[in-house]
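Inspection log for the structure reproduced underneath, given as structure tokens.
The values are calculated or read from the model by the stated rules, or taken from the named source; none is laboratory data. Computed from a predicted structure; not experimentally measured. When we count neighbours, we look across all protein chains shown, and the Cβ atoms used for this are built from the backbone with ideal geometry, even at glycine. SASA here: full protein model, heavy atoms, side chains in, ligands and nucleic acids out. Shrake-Rupley method; radii C 1.70, N 1.55, O 1.52, S 1.80 Å.
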Amino acid sequence: MYDVIVVGARCSGSPVAMLLARYGYRVLVVDRATFPSDTISTHFIHQAGLARLNAWGLLGRLQATGVPPVRHMRFSIADIYTEGFADSVEGLTEVYCPRRTVLDKILVDAAREAGAEVIERFTTTDVLFEGGRTAGIRGLAGDGTEKEFRGRFVVGADGSSSTVAAKVNAEFHRVIPAAGFVYYSYYSGLDWGHHNRIRDEQQFATCPTNDGLHMLAVMRKPDRYREFRADVEGSFQSVFDRVVPELGEDLRARGRREENFRAIRYADNYYRQSHGPGWALVGDAGYHKDPITGWGITDAFKYGEMLADHLHLGLSGERSIDDAVAEYARRRDEESAGVFQLTVTMASLTPPPFFYSALNAVSQSPDYLKKFFAMVAGGYPGEEFFAPQNLEKLYEEVGTPPERRLLTASGVAH
Ligand SMILES: Cc1cc2nc3c(=O)[nH]c(=O)nc-3n(C[C@H](O)[C@H](O)[C@H](O)COP(=O)(O)OP(=O)(O)OC[C@H]3O[C@@H](n4cnc5c(N)ncnc54)[C@H](O)[C@@H]3O)c2cc1C
């Protein structure tokens, strides 16, 4: 009998298992994948996420893989251009974009080292119930045999198509339809660093990663999918040509694609009910948003840790476990709301006019640029940054004309 069974062993599942095992609980974590393995996801991690890795003693392992540090970011929408970097966030002054083959293996190994039992190639097919509570899982092992494992608590860390969420009937709320699709791959010959650039309803993002390669990703709206697919290489290049022509030229002249393209139509943005009798959801299983702001991994770490701490309160007998986990879900919903809102706003690729006004003013104020990049890194709350009083001060500082002092998404001008 396990204390906790975790389904899914990547960014959210392995940290939950590791932290609970470090508290001394008997933990099982299963995944249908084997590690190291890739998954469809780019892999930029903000300072707020790296701070969790640091706190867990895993940042050194990541750095030892040779993933290059990033200390400068470039961001633009149409002709509004900003560049800079956040000051230290929880002691971190650089960010990384490690391959998921590298990152996820570090996480799985750390869970195992902490004492969690890890079973790879195990596909969970069902959640077991007894007396109205979850009692374990059933699934297929790698050799095809069906197995059951019993546990006091089941955590679904199994991504956006979560089997656990389906079996416990977790309801969706705040669903916002997906804004697009992405193609990405890995290139040699480029020294661009980090970019996140948007123009004419198309976006690209770039970041250096392991093995001397640059990750290049492009995003377009769903209605462009068919046209894009008809000539992937040409369509991919055309986004760079259109959004930042100099980089388009450089890509053509010096870039060499070293791997296949990966492609995915995004899942919708959503929250799912993430707690119930004997179960919880974490990571993308419980809360998912467009990758445009690169916050999925960071949030998986943050709220994975929060869940582990709340489970500890329950398992140690300090509180009722269901109450403690309900509090985790409530806090996650509250604390993630700003990132969720910023993400769906940017993912539309046509942000509301107030966003342009604010960003345009930000680009003219060194002080607000720092705050902007601190917000991007997770060191300054988005709610505070976009608070009307804060924007009013900004507009005043840079002398924005009164008719362009937009303060809210509904476009209130003063
Ligand atoms: C195209 C794209 C780009 C992205 N770019 C970024 C980025 O730059 N930065 C960022 O922070 N985030 C990014 N994200 C988001 C990020 O990938 C996710 O938020 C993150 O992986 C969530 O981690 P997770 O552990 O919750 O889920 P996942 O990483 O999806 O892991 C779920 C695990 O569960 C396992 N599993 C699923 N079902 C079962 C089952 N029935 N039985 C057993 N195992 C099961 C899977 O094999 C998998 O290993 C991106 C996502 C996409 C799609």
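Of note:
- Residue with peak Gaussian network fluctuation, the chain [Cα springs, cutoff 10 Å], from Ser161, Ser357, Ser348: Ser161
- Dipole of the chain computed with +1 at Lys/Arg Cβ and -1 at Asp/Glu Cβ about the Cα centre; of Phe373, Leu216, Gly84, farthest Cα towards the positive end is Leu216.
- Cα shape, the stretch 291-411, gyration tensor, a/c 1.5 rule: prolate
- Computed about its Cα centre, the charge dipole of the stretch 353-404 is approximately 160 debye, with only Lys, Arg, Asp and Glu carrying charge at their Cβ.
- Between Thr123 and Ser37, residue separation times 0.36 nm minus the direct Cα-Cα distance comes to 29.4 nm.
- Accessible carbon and sulfur surface of the chain relative to its total accessible area, %, 1.4 Å: 48 percent
- Inter-centroid distance (Cα atoms) of the stretch 323-394 relative to the stretch 20-88, Å: 20 Å
- Prolate/oblate/rounded label for the stretch 32-103 (Cα gyration tensor, a/c 1.5): oblate
- Distance in nm between pseudo-label sites at Ser320 and Asp87 (7 Å out along the Cβ direction from Cα): 4.5 nm
- Mean separation of Cα contacts under 8 Å (6+ apart) over length of the chain, as relative contact order %: 20 percent
- Relative contact order %, the stretch 1-157, counting alpha carbon pairs below 8 Å whose residues are six or more apart: 36 percent
- Calculated accessible area for the stretch 64-137 comes out at 41 Å² per residue, all protein chains present (probe 1.4 Å; ligands, DNA, RNA ignored).
- Shape call, the stretch 179-273: gyration tensor on alpha carbons, a/c limit 1.5: prolate
- Close Lys-Lys pairs in the chain, where close means Cα under 18 Å and separation is 8 or more or interchain: 5
- Of the two radii for the chain, the radius of gyration is 0.98 times the Kirkwood radius, both from the alpha carbons; that is the Rg over Rh value.
- Once exposed loop GluC sites (Glu not before Pro) are cut out (DSSP; at most 11 other Cβ, 10 Å), longest piece of the chain: 1-170
- About the Cα centre, charge dipole magnitude for the chain (Lys/Arg +1, Asp/Glu -1 at Cβ), debye: 500 debye
- Modelled spin-label separation between Ala253 and Met1, with each label point placed 7 Å from Cα along the Cα-to-Cβ direction: 6.9 nm.
- Across Lys167, Lys393, the residue with the most accessible area heads the list, and the full order at a 1.4 Å probe is Lys393, Lys167.
- Working from label points 7 Å from Cα in the Cα-to-Cβ sense, the Leu140 to Ala387 distance is 5.4 nm.
- Sites Asn54 and Glu327, calculated FRET efficiency, Cβ-Cβ separation with R0 22 Å, nearest 0.05: 0.30
- 3J(HN,Hα) from dihedral phi, the stretch 131-140, Karplus parametrisation 6.51/-1.76/1.60, rounded to Hz, x for glycine, proline: x, x, 10, 5, 10, x, 9, 10, x, 10
- In degrees, nearest ten, helix 353-362 long axis to first principal axis of the chain (Cα): 80 degrees
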